[in-house]
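A.B. asks: Structure in structure tokens, see below.
The values are calculated or read from the model by the stated rules, or taken from the named source; none is laboratory data. Quantities reported herein were computed from a predicted structural model and do not represent experimental measurements. Here the Cβ positions follow ideal geometry from the backbone for every residue, glycine too, while neighbour counts run over all protein chains shown.
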Amino acid sequence: MNQYLVVGIVFLVVIAILATNKKLVETLKNIYKIEELRKRVIYTIGLLLVYRLGSFIVIPGIDPNALGEGSAYASQLEGNGLLGLLDVFSGGAFGNAAIFALGVMPYITASIVIQLMGMMIPYFQKMQKEGESGRRKMNQWTRFLTIGVLLIQGPAYIANLYHQVPGAFVYGSNFLFVAYATTILIAGTMFIMWLGEKITDKGIGNGISLIIMIGIVARLPHALLAEVNARFQTASGSAIMLIFELVLLFLVFMATIALVQAVRKVPVQYAKRIVGNKQYGGVRQYIPLKMNAANVMPIIFAQALMFIPALFSGTAFAAAFSSMTGFWYNFTLAVLVIAFTYFYTAIIINPQMMADDMKRNGGFIPGVKPGKQTVNYIDTIMTRITLPGSFFLAIVAILPALAMRFLGIQQAFAYFYGGTSLLIMVGVVLDTL
């Protein structure tokens, strides 16, 4: 009873804080007043509800009662860091053996491959430079590759499920069942991608990012309750430890928000122009270069690659990367986050284009000559501010493992102390706002 009381108090405190925020209240009033914005918000919420509904529709032929709490499969999800993280990303659909079990991670994996090909293969480099038509072609290739990834991950998911709980398969695990279950999983992921595109076009924010975030947030109440139960089942002082965890979580959120919003302002001076009796230019403005320009993408890409060892289940290679608290898992994850931060920053920040735009509009950086020197100056600044940003991002990525190892926090709740879950929640909420 005490556990539920603590959870209730925590949510009441959160609601009270939100209710006393006048700016938030005014924002909600404005959303209701503006018709177009109101329609977009309602449309987004409606499609997100459809996604959540699909997370509970079990694949036909599988007994959902055999996958509940206390089953071997539930124990595996709790003990395996990668599979547990997949369950968090899918909002519980992975553990429910739902039609949306594979979520959007196959699409993320395909996006990584396509973007890497865009750097190495001339055909894809040409498409990147074709503007909107090139973007549509790249998206089409990404969809095709997503189906290819699903053709591998679908049977692997069914095989792993059958290995853990063969009794859940009502009709057994023959070739026909695997084929039609894989088809359902492919259709589920492609439908999620369609939902994400519709949210991006007619709703608010980035649809795929919002879908991932909703899946993560949906697991928060369950994770918090599990952590409260674990603390109250231990010796005295558990309540104090729980309060310490919540305070620490608040501080981690603050630090992550600071990382996401940190910018380096580069001054730009515009030359004076007199047209008729009016003067134009002559003012100083700033180019805000974000310390974490790549935002949440590096950790999503890195985490997607960390799922690859799971394809080689039963090998020493897979065993070395199966534990979230293991050294090699976290070391590799940190290195990948740093590498992808530089990679993605190089894709979205183009110093040459920025220098050309400034020169075209009569602007220049004080003390720096226009042209090549301006390009080198901006590139040097981005390299310098990306270095601490990438290391900070890597630390955030491995914080869940540190929370589990040194504070004894339950795995489900530890995901919210850092890593993909925290960065996606903070990044997506700030971008949507």
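A.B. asks: Please work out which residue is modelled with the highest pLDDT, limiting yourself to region 57-74 and to residues that are out of contact with any strand residue (DSSP E or B) (no Cβ under 9 Å at 6 or more places or on another chain) and either part of a loop (DSSP other than H, G, I, E, B) or not assigned by TED's automatic domain parsing to the domain that holds Gly188 (or both).
C.D. replies: If we take residues in region 57-74 being out of contact with any strand residue (DSSP E or B) (no Cβ under 9 Å at 6 or more places or on another chain) and either part of a loop (DSSP other than H, G, I, E, B) or not assigned by TED's automatic domain parsing to the domain that holds Gly188 (or both), then Pro60 is modelled with the highest pLDDT.
A.B. asks: If Leu210 passes every condition in (1) closer than 27 Å to Leu430 by Cα; (2) outside the structural domain of Arg38 (by TED's automatic domain parsing) but one, which one does it miss?
C.D. replies: Of everything listed in (1) closer than 27 Å to Leu430 by Cα; (2) outside the structural domain of Arg38 (by TED's automatic domain parsing), Leu210 misses just condition (2).
A.B. asks: Inspect all residues belonging to region 292-302 and state whether any of them is modelled with pLDDT under 75, in contact with a helix residue (DSSP H, G or I) (Cβ under 9 Å, 6 or more places away or on another chain) and assigned to a helix (DSSP H, G or I).
C.D. replies: The first filter runs over region 292-302 and keeps only residues modelled with pLDDT under 75, leaving 296, 300.
Filter once more, so that each one left must be in contact with a helix residue (DSSP H, G or I) (Cβ under 9 Å, 6 or more places away or on another chain): 296, 300.
Right, trim to assigned to a helix (DSSP H, G or I) and you get 300.
Yes, region 292-302 has at least one match.
A.B. asks: To continue, here is another question. Between a first residue in region 174-187 that is closer than 16 Å to Asp63 by Cα and a second residue that is surrounded by fewer than 13 Cβ atoms within 10 Å (Cβ to Cβ), which pairs have beta carbons less than 6 Å apart while being 6 or more apart in sequence or on different chains?
C.D. replies: Phe177/Tyr171
A.B. asks: Against the condition of a type outside the set (Asp, Glu) and over 19 Å from Gly91 (Cβ atoms), how does Val217 come out, does it pass? Walk me through how you get there before you give the answer.
C.D. replies: Working: of a type outside the set (Asp, Glu): yes; over 19 Å from Gly91 (Cβ atoms): no.
No.
A.B. asks: Okay, moving on. Find the helices (runs of 4 or more DSSP H) located wholly in region 330-433 whose residues include 1 or more that are surrounded by 16 or more Cβ atoms within 10 Å (Cβ to Cβ) and on the phi > 0 side of the Ramachandran plot, and list them. Break it down into steps so the answer makes sense when it comes.
C.D. replies: Working: elements: 351-360, 372-407, 411-414, 419-432.
Once the helices (runs of 4 or more DSSP H) in region 330-433 are filtered for at least 1 residues that are surrounded by 16 or more Cβ atoms within 10 Å (Cβ to Cβ) and on the phi > 0 side of the Ramachandran plot, what remains is 419-432.
A.B. asks: State whether one or more residues within region 375-388 are closer than 30 Å to Val228 by Cβ and charged (D, E, K, R). Give the derivation first.
C.D. replies: Quick first cut of region 375-388, residues closer than 30 Å to Val228 by Cβ only: none.
No; the residues of region 375-388 include none that is closer than 30 Å to Val228 by Cβ and charged (D, E, K, R).
A.B. asks: How many residues, within region 125-139, are assigned to a helix (DSSP H, G or I) and over 21 Å from Glu197 (Cβ atoms)?
C.D. replies: Narrowing region 125-139 to residues assigned to a helix (DSSP H, G or I): 125-128, 132-139.
After this cut, where a residue has to be over 21 Å from Glu197 (Cβ atoms) as well, the list is 125-126.
Within region 125-139, residues that are assigned to a helix (DSSP H, G or I) and over 21 Å from Glu197 (Cβ atoms) number 2.
A.B. asks: OK, next. With respect to Arg143, determine if the residue is part of a helix (DSSP H, G or I), without any contact (Cβ under 8 Å) to a residue 24 or more places away in the chain and either among the charged types (D, E, K, R) or under 30 Å from Leu399 (Cβ atoms) (or both). First the steps, then the outcome.
C.D. replies: Numbers: part of a helix (DSSP H, G or I): yes; without any contact (Cβ under 8 Å) to a residue 24 or more places away in the chain: no; either among the charged types (D, E, K, R) or under 30 Å from Leu399 (Cβ atoms) (or both): yes.
So Arg143 fails the test.
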